[in-house]
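A short write-up of the structure that comes next.
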Amino acid sequence: MTEVLAELQDRTFEHATAATASTYPPERRLTADQLTRYLSRREYAVVGTSRPDGRPHASMSMYIRSGTDFWLPAVAGSIRARNLAKNPWLTMVIAENDDETHVAVIAEGPADVVPLDDVSDDVRAAVDQHWPGVWKWVNVWIVLRTARLLSYAAEEAQL
């Protein structure tokens with residue numbers, strides 16, 4: 001599973017603009033092991049969707065990662081869920097620290113609102129382990145099927 005993230009990142013940069021590639025130089029990108037460790041120890045991300053009129057909507061969300069998919073707990077009828085019904089694309093930023101110690105991973109791709117019955121067993125087990133209280137309020141999940149992945153670690157970042 002470690003390599004799938006790095007392969008996705010490599011494919012993303014194969015199609016990146018010169019501006020994006022220079023902003024995320026190869027020596028600053030997280031390796032396969034670093035991506036796995038970083039995303040496994042982080043639990044929250046800033047999530048962005050588009051409102052029907054095109055305005056952005058950002059919110060915090062916890063997440064569970066399964067391969068290149070990110071699972072976000074949600075409530076049916078929430079702004080995020082309604083936005084995805086109109087524009088099924090989501091972006092996530094998982095970041096920490098500032099200046100020369102900052103790290104950021106950006107994942108984006110198509111996203112679906114999934115009923116509880118369709119949540120996979122591995123995701124259920126991870127939720128039970130990390131946040132059993134989520135089941136008290138969540139009634140749908142959002143799954144981001146990552147199509148693009150970018151990462152950056154500043155020179156003094158602790159990975």
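Coordinate-derived values only; no laboratory data. Being a predicted model, the structure only gives us computed values, none of them experimental. So basically every Cβ, Gly included, is an ideal-geometry build from the backbone, and we count neighbours across all protein chains shown.
Helix-derived [θ] at 222 nm for the chain: sum -39500 (n - 2.57) over DSSP H runs of at least 4, divide by residue count, nearest 500? The partial results should precede the final answer.
Details: 5 runs with 47 residues, N = 159.
It lands at -8500 deg cm²/dmol.
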*asked:* Against the empirical 2.2 N^0.38 Å scaling, what ratio does the C-alpha Rg of the range 87-159 come to?
replied: 1.38
*asked:* Treating only the Cα positions of the range 66-107 as identical point scatterers, give the base-10 log of I(q)/I(0) from the Debye formula at each q in 0.16, 0.33 Å⁻¹.
replied: -0.59, -1.15
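Using the membrane-span-like helix rule (whole DSSP H runs, Cα extent along the own axis of at least 27 Å, mean Kyte-Doolittle hydropathy at least -1.0), which helices of the chain qualify? Don't skip to the answer; put the middle values down first.
Details: long enough: none.
Counting only whole DSSP H runs, no helix qualifies.
Determine by what factor the alpha-carbon radius of gyration of the range 18-59 differs from 2.2 N^0.38 Å, reporting the quotient.
Values: Rg = 14.9 Å, N = 42, 2.2 N^0.38 = 9.1 Å.
Dividing the Cα radius of gyration by 2.2 N^0.38 Å gives 1.64.
Quote the relative contact order of the chain in percent (integer), defining contacts as alpha-carbon pairs under 8 Å separated by 6+ residues. Each step should come with its number before you reach the end.
Details: 288 pairs, mean separation 46.5, N = 159.
About 29 percent, as a whole number.
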*Could you give me the radius of gyration and the Dmax of the chain, taking only the C-alpha atoms into account and expressing both in angstrom?*
15.8, 46
*asked:* Please compute the Kirkwood hydrodynamic radius of the range 44-88 from all pairs of different C-alpha atoms, in Å with one decimal.
replied: 11.1
_Unit charges at the beta carbon, dipole of the chain: most positive-side option, V93, T49, A104_ = T49
*Using only Cα atoms, locate the centre of the range 41-59 and the centre of the range 93-159, then give the distance between them in Å, rounded to an integer.*
12
*Any idea what the dipole of the chain comes to, in debye rounded to 20, about its Cα centre with Lys/Arg Cβ at +1 and Asp/Glu Cβ at -1?*
680
*Relative packing of peptides 126-134, 61-69, 75-83 - highest average C-beta neighbours within 10 Å first*: 61-69, 75-83, 126-134
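If R0 is 41 Å, what FRET efficiency do you get for E156 and D117 from their C-beta distance, rounded to 0.05? Can you show the working numbers first?
Working: r = 46 Å, r/R0 = 1.12.
It comes to 0.35.
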